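S.K.: Encoded as structure tokens, here's the structure I'll be asking about.
The values are calculated or read from the model by the stated rules, or taken from the named source; none is laboratory data. All values derive from a computational prediction rather than experimental measurement. Cβ sites come from the backbone with ideal geometry, for glycine too, and all protein chains shown count toward neighbours.
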Amino acid sequence: MHELSIALNLIELVEEEARKAGCLKVFSVDVAVGLLSGIDPEALIFSITLAKENSLLSDAVIHLHRIEGSGRCRSCNNIFPVNAFHSTCPECKSNAVELIAGDDLKLISLEAE
């Protein structure tokens with residue numbers, strides 16, 4: 001379950017950012033998870049819940065935002081939704097598609113004091 005290592009890294013990042021700002025407690029964290037990231041959102045929330053004990057995030061509420069996949073056709077520059085890594089452009093039928101969103105994990109914001 002790689003979600004546990006992701007959760008630990010996320011907690012470390014949030015704590016680092018909170019400390020830089022002089023904060024001692026984190027109240028909420030917003031995280032974007034791409035649908036094509038390979039991350040199971042339920043497993044990530046479970047892992048964060050376990051890993052955040054005894055941290056600045058111990059009482060924090062974690063909000064996951066799912067990010068849809070989108071691609072850009074390298075042939076015609078059409079941008080369109082995708083739900084797989086290998087997609088075909090719906091306009092020109094080219095398979096030269098670059099994934100431009102949906103495969104990432106991002107810390108969007110945190111609320112701390």
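S.K.: Can you name every residue in the stretch 78-94 that is at pLDDT below 95, surrounded by 12 or more Cβ atoms within 10 Å (Cβ to Cβ) and more than 22 Å from residue 65 (Cβ to Cβ)?
M.R.: 87
S.K.: Filtering the stretch 21-58 down to residues that are closer than 15 Å to residue 111 by Cβ and among the charged types (D, E, K, R), which residue is surrounded by the most Cβ atoms within 10 Å (Cβ to Cβ)?
M.R.: The extreme case among them is 52.
S.K.: Which pairs do you get when a residue that is more than 30 Å from residue 24 (Cβ to Cβ), found in the stretch 88-113, comes within reach of a residue that is among the aromatic types (Phe, Trp, Tyr), reach meaning Cβ atoms under 8 angstrom, with the pair 6+ apart or on two chains?
M.R.: Correct list of pairs: 89/80; 90/80; 91/80; 99/85; 103/85.
S.K.: Further question: Could you give me the residue pairs with C-beta distances under 9 Å whose first residue belongs to the stretch 14-31 and is more than 11 Å from residue 57 (Cα to Cα), whose second residue is of a type outside the set (D, E, K, R) and in a helix (DSSP H, G or I) wherever it lies, and which are 6+ apart or on separate chains?
M.R.: Matching pairs, first to second residue: 31/10; 31/44; 31/48.
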